[in-house]
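Let me begin by handing over the structure; questions about it come next.
Here, each number is a calculation from the coordinates, and none is a lab measurement. Worth saying up front: this structure is predicted, and the values here are computed from it rather than measured. Positions of Cβ are generated from backbone atoms using ideal geometry, with glycine treated the same way; all protein chains shown enter the neighbour counts.
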Amino acid sequence: MYNNYPNPFNPTTTIRFDLPEKTNVELVVYDILGRRVKSLVDNQVRNPGRYEVSFNANALASGVYIYKLTTKNYSQAHKMLLVK
């Protein structure tokens with residue numbers, strides 16, 4: 001998984017990730033308190049390749065958010081900053 005760009009962002013950012021094999025994918029955005037804000041990819045089977053997911057945070061308040069990518073064999077999280 002790559003860092004989102006742009007970061008900081010307002011109101012849209014892009015999250016990129018690579019998959020080496022066919023697997024179930026979950027990509028979720030959380031607020032700084034750990035509450036689920038948005039599910040960008042909801043446990044969908046994806047083939048190997050590079051993916052880009054756009055996140056529009058127009059309805060959210062400024063602040064730090066965490067996005068987490070989870071597959072069968074991998075889990076990673078990154079921070080992103082929404083500045084309005």
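Do you know which residues across the range 1-14 are buried (at least 16 other Cβ atoms within 10 Å of the Cβ) and more than 13 Å from TYR74 (Cβ to Cβ)?
ASN4, PHE9, THR13
Could you check the range 15-62 and list, in sequence order, the residues that are of a type in the set (S, T, N, Q), surrounded by 11 or more Cβ atoms within 10 Å (Cβ to Cβ) and under 18 Å from LYS84 (Cβ atoms)?
ASN56, SER62, listed by residue number.
Please identify the pairs in which a residue from the range 65-84 that is over 14 Å from TYR5 (Cβ atoms) has its Cβ atom under 6 Å from the Cβ atom of a residue that is of a type in the set (Lys, Arg) and surrounded by 15 or more Cβ atoms within 10 Å (Cβ to Cβ), counting only partners at least 6 apart or on another chain.
ALA77/LYS68
I'm checking my understanding of the structure. Among residues of the range 1-35 that are of a type in the set (Asp, Glu) and part of a strand (DSSP E or B), which one is nearest to the chain's Cα centre (by Cα)?
Across the range 1-35, the extreme among qualifying residues is GLU26.
Out of the residues in the range 36-68 that are part of a strand (DSSP E or B) and among the aliphatic types (A, V, I, L, M), which is farthest from the chain's Cα centre (by Cα)?
Top of the filtered list is VAL45.
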